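Inspection log for the structure reproduced underneath, given as structure tokens.
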Amino acid sequence: MQYAGRAAGSAESEPLYKWSFAVGTVIQEAIFLLIVLTIAGFSAERLALRVPRRKARAAGLVVASIFLIQAFEFIYAALADPGNEQGLTPTQWQPSHAAQYVVNSILICTLVPFVEELTFRGLGYYLLRPWGAWFAVGATGLLFGLSHGLVLSLPVLVIFGCGVGWLRMKTDSVYPGMVVHSTFNLIALVAAVTLQR
């Protein structure tokens, strides 16, 4: 759907400055969450909703994942310059819309990573794991990237998806991936309004 919308040129401008985007995000993510929970049979085990056994190791892997993913994105952006392909981040800061930006940012850094991680690294990994852990990591990474409907940013999203998939495999939990995902989104949102060109 996102690919078709981009091809038709129907992307909403400055969506993070609009209350309607927040409402739409909550509704969309609630629907996705209900579908994922239903398919998983409301099983915390299938969704990997468990605290990692080795918390210090998981924390170290989270930090390493954030660093490596950001390094890849930095290098890739210098080579391919995907810019603001997703169209979420504003072209300039508008203080009169700060409340909308903050609310939308909170949703993008909490609800969205929670639902996406349950979808891909929770249920997706669980369903694909019978074909091998590395297959599950790669397949969920690719599906995660494709789900965003972006072309130029696809390599970054696939690497990101594989990175948090690897984290899921190593920690046997979706929580570390949620932390990485939230941090990744937060960095992008803060950079969008502080590193204006």
Among (1) modelled with pLDDT of 95 or more; (2) open to solvent by less than 40 Å² (accessible area, probe 1.4 Å); (3) not hydrophobic (A, V, I, L, M, F, W, C) - the single one Thr89 does not satisfy
(1)
Can you tell me which condition Glu12 does not meet? The list is (1) under 26 Å from Leu152 (Cα atoms); (2) modelled with pLDDT of 95 or more; (3) open to solvent by 40 Å² or more (accessible area, probe 1.4 Å), and all the others hold.
(2)
Scan the range 23-44 and report the pairs whose first residue is within 13 Å of Gly122 (Cβ to Cβ) and modelled with pLDDT of 95 or more and whose second residue is among the charged types (D, E, K, R) and open to solvent by 70 Å² or more (accessible area, probe 1.4 Å), with Cβ atoms within less than 6 Å and a gap of 6+ or a chain change.
Ala40/Arg46
Looking for whichever is surrounded by fewer than 22 Cβ atoms within 10 Å (Cβ to Cβ) and either touching a Phe, Trp or Tyr at 6+ places or on another chain (Cβ under 9 Å) or touching a residue at least 24 places away in the same chain (Cβ under 8 Å) (or both) here; the options are Leu142, Leu111, Leu154, Leu127. Which one fits?
Leu111
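The values are calculated or read from the model by the stated rules, or taken from the named source; none is laboratory data. None of the values given here were measured: they were computed from a predicted structure. Methodologically, a virtual Cβ is constructed for each residue, glycine included, from the backbone with ideal geometry; neighbour enumeration extends over all protein chains shown. Heavy atoms of the whole protein, side chains included, go into the accessibility calculation; ligands, DNA and RNA do not. Shrake-Rupley method; radii C 1.70, N 1.55, O 1.52, S 1.80 Å.
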